[in-house]
1. Hey, does segment B:168-178 have a residue that's more than 23 Å from B:Thr120 (Cβ to Cβ) and assigned to a loop (DSSP other than H, G, I, E, B)?
2. Looking at (1) over 30 Å from A:Val149 (Cβ atoms); (2) open to solvent by less than 70 Å² (accessible area, probe 1.4 Å); (3) part of a loop (DSSP other than H, G, I, E, B), which is the only condition B:Leu316 fails?
3. Residue under question is A:Leu196, and the condition is that it be touching a residue at least 60 places away in the same chain (Cβ under 8 Å), more than 14 Å from every other protein chain (Cβ to nearest Cβ) and crowded, with 18+ Cβ neighbours inside 10 Å; does it hold?
4. Taking into account only those residues within segment A:54-78 that are among the β-branched types (Val, Ile, Thr) and surrounded by 22 or more Cβ atoms within 10 Å (Cβ to Cβ), which is nearest to A:Ala33 (Cα to Cα)?
5. What's the total number of residues in segment B:108-133 that are farther than 28 Å from B:Asn232 by Cβ and more than 9 Å from chain A (Cβ to nearest Cβ)?
6. Just for segment B:319-347: of the residues that are assigned to a loop (DSSP other than H, G, I, E, B) and either in contact (Cβ under 8 Å) with a residue 60 or more places away in the chain or in contact with a Phe, Trp or Tyr (Cβ under 6 Å, 6 or more places away or on another chain) (or both), which one is farthest from A:Val174 (Cα to Cα)?
7. Of the residues B:Ala306, B:Ala252, which single one is among the small types (Gly, Ala, Ser) and more than 18 Å from the chain's Cα centre (by Cα)?
8. Select from segment A:94-107 the residues that are buried (at least 24 other Cβ atoms within 10 Å of the Cβ) and assigned to a strand (DSSP E or B) and write down the one among them that is farthest from the other protein chains (Cβ to nearest Cβ).
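The values are calculated or read from the model by the stated rules, or taken from the named source; none is laboratory data. Here the structure is a predicted model, which is why all the values come from computation and not from measurement. Cβ coordinates were reconstructed from backbone atoms using ideal geometry, including for glycine residues, and neighbour counts include every protein chain displayed. Heavy atoms of the whole protein, side chains included, go into the accessibility calculation; ligands, DNA and RNA do not. Shrake-Rupley method; radii C 1.70, N 1.55, O 1.52, S 1.80 Å.
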2 protein chains.
Amino acid sequence: MAKVLGAGDVAAVVRAHGLERTLDDLIERLGDALAGFDPDALVTPLRDGFHYDHPQVGLLEWMPAMEVGRSIAIKTVGYHPANPTRRGLPTIMATTSVFDPTTGALVALLDATLLTALRTGAASAIATDVLARPGAVVLGVVGCGLQAVTQVHAISRVRRVETLLVSDVDDAVVKGFARRTAFLDRPTTIVPTGGLEDLLASSDVLCTCTSVEVGAGPVIVDGAHHPWLHVNAIGADFPGKQELPTSLLERALVCPDVAEQCRAEGESQRVDAGCLGPDLAALVKERNRHERSRDQLTVFDSTGWAFEDLVAAELLLDLAATYRIGRDLELQAPNPDPYDPYGPLLW
Amino acid sequence: MAKVLGAGDVAAVVRAHGLERTLDDLIERLGDALAGFDPDALVTPLRDGFHYDHPQVGLLEWMPAMEVGRSIAIKTVGYHPANPTRRGLPTIMATTSVFDPTTGALVALLDATLLTALRTGAASAIATDVLARPGAVVLGVVGCGLQAVTQVHAISRVRRVETLLVSDVDDAVVKGFARRTAFLDRPTTIVPTGGLEDLLASSDVLCTCTSVEVGAGPVIVDGAHHPWLHVNAIGADFPGKQELPTSLLERALVCPDVAEQCRAEGESQRVDAGCLGPDLAALVKERNRHERSRDQLTVFDSTGWAFEDLVAAELLLDLAATYRIGRDLELQAPNPDPYDPYGPLLW
């Protein structure tokens, strides 16, 4: 039997458990998983995918992760920037398949669209909690699409955010942002794209989560900022994508979520390999040591890690079991004669 | 809406359409697809996977295929040789996910366990039909597990098989084979593993479909055979696996299903790259030319190609639509505000 959770089921689980509690549990569980992270017990091959310009610009990637002897999760994730305007669908849609490594059986399939946004937020919250100064109150946001909501939400769980400065190249998107984050009850100032310099100068923490195209970056122009600025750079996740200016990266402590992937796809493409800071697991494992960087410029280079997806899927499946949500489907079945492919035809 | 077909649904589709008709349709559709195969319109990255010895020896691979602008299918396939004896499950279990390349949405999920066996048979039938002499009547089978059934069945659709010579290291498996293939009504002689020399000498067509372990091959000892022998080598699908002796490969025309993968995982590991024969698509495209090889020793090196899985999944989904079988699940859903990850929580 496989547990199948569609988008509606995932929403029902989160409603039953409470959105904020789900996000807090995810931040905690991901933090614990990172603290106990054993590189010998986890295998996350570099993600690969199809990218194409026809019939629309798009990308479909597979992100496999295995906790040796315990669980295998493969997330397939699409990035189709025309979805919102042309189809009423999110840019990023994902599903995660979970397998039993003893038999290879598919044990669960879940829509991972909301989970992807939540785990990306949770990862930023964890990096921000280590690297941002405790008194951070001004949060800048460049790029106000779907990911921005969970960035702001998750960061507000680890820092007392008092003011949001937000900007987007699309007026409608930035105007809708205050409505989408109204539940957070934080004063939100819209900064015109011409005023990004002010936004950079005023932010204690900055999140860049744009759909910048390959070769079109950086989105941020280098300029004055607080010496303690912490940036969560979310948008660069493909060779040639860049949100932050190289000059800023060069004077920052750049912490990749997973170094090899960030060097290929993230802001770290423009950082000498020898100059990269600790990765996300190292940040958590040696938290006390890395908290010393709170007064300097730091960048969390978030490309999205299959391990985060595995942890998020496991949390959601645990909650689904608790609240008895989801469908049990016999996707694969035992076979009275495992050597007879046609046995199932006689059922 | 996504169409979901579990193992029982797939069986119901095949029952409704007829097993033999389904197999014939698959052989025909795969043949047509290969004849029209355009390497610029199809992308099949080398498969990758997890392999492990704990908690049991196993392998879980992902096999993505994209017909540009048309369809994306990703098969995940497990190979867990302890499944039959310890769990009553097939060694090879698979699921295929089909995506819409316009939006990245998952449009179908189906159990591909039976389909994998059928498409592997269909590929051998196509290669056999080009490369085996028309009068072939004696079919040798070494390794009588699940794949052997569809090998024999599919080959019997393209050649008038009159006699089966079968062998397996496991007595129970070889004894059950006659029962599993009783529907074919062919006289079946069990050859003890000590008599493989006779089996090789007597066969017009030979299928090797063993679970030979890495480094343990070859399974066949070189010896006398008909000059026109055609071999379908199914079992080698991993670095270091080998069913056929190198000396036999060296004097044969070896035709890979997909050359790069066969050089990495198949019998072609032991063939100089420059000496490889035409691949499966070339065999079909230039059928008349390659039929001239029918009087010589030929080997079809079948490692299993993601394109075959895509074609098989499409056929099954078409038949499922015809017979109105399967379940429609809202796995992913449109979002009234595609920029609001929490929109679905309000439903």
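1. For segment B:168-178, residues more than 23 Å from B:Thr120 (Cβ to Cβ) and assigned to a loop (DSSP other than H, G, I, E, B): absent.
2. Only one criterion is unmet by B:Leu316, namely (3).
3. Taking the combined requirement at face value, the residue does not satisfy it.
4. If we take residues in segment A:54-78 being among the β-branched types (Val, Ile, Thr) and surrounded by 22 or more Cβ atoms within 10 Å (Cβ to Cβ), then A:Ile72 is nearest to A:Ala33 (Cα to Cα).
5. Filtering segment B:108-133 down to residues farther than 28 Å from B:Asn232 by Cβ leaves B:108-109.
Then keep just the ones that are more than 9 Å from chain A (Cβ to nearest Cβ); that gives B:108.
Selection size over segment B:108-133: 1.
6. Of segment B:319-347, the ones assigned to a loop (DSSP other than H, G, I, E, B) are B:323-326, B:330-342, B:347.
This time we only want the ones that are either in contact (Cβ under 8 Å) with a residue 60 or more places away in the chain or in contact with a Phe, Trp or Tyr (Cβ under 6 Å, 6 or more places away or on another chain) (or both), so: B:323, B:325-326, B:330-332.
On the way: B:Tyr323: 48, B:Ile325: 45, B:Gly326: 42, B:Glu330: 30, B:Leu331: 29, B:Gln332: 25 Å.
So, considering only residues that are assigned to a loop (DSSP other than H, G, I, E, B) and either in contact (Cβ under 8 Å) with a residue 60 or more places away in the chain or in contact with a Phe, Trp or Tyr (Cβ under 6 Å, 6 or more places away or on another chain) (or both), the one farthest from A:Val174 (Cα to Cα) is B:Tyr323.
7. Within the list B:Ala306, B:Ala252, the selection yields B:Ala252.
8. My answer is A:Thr96.
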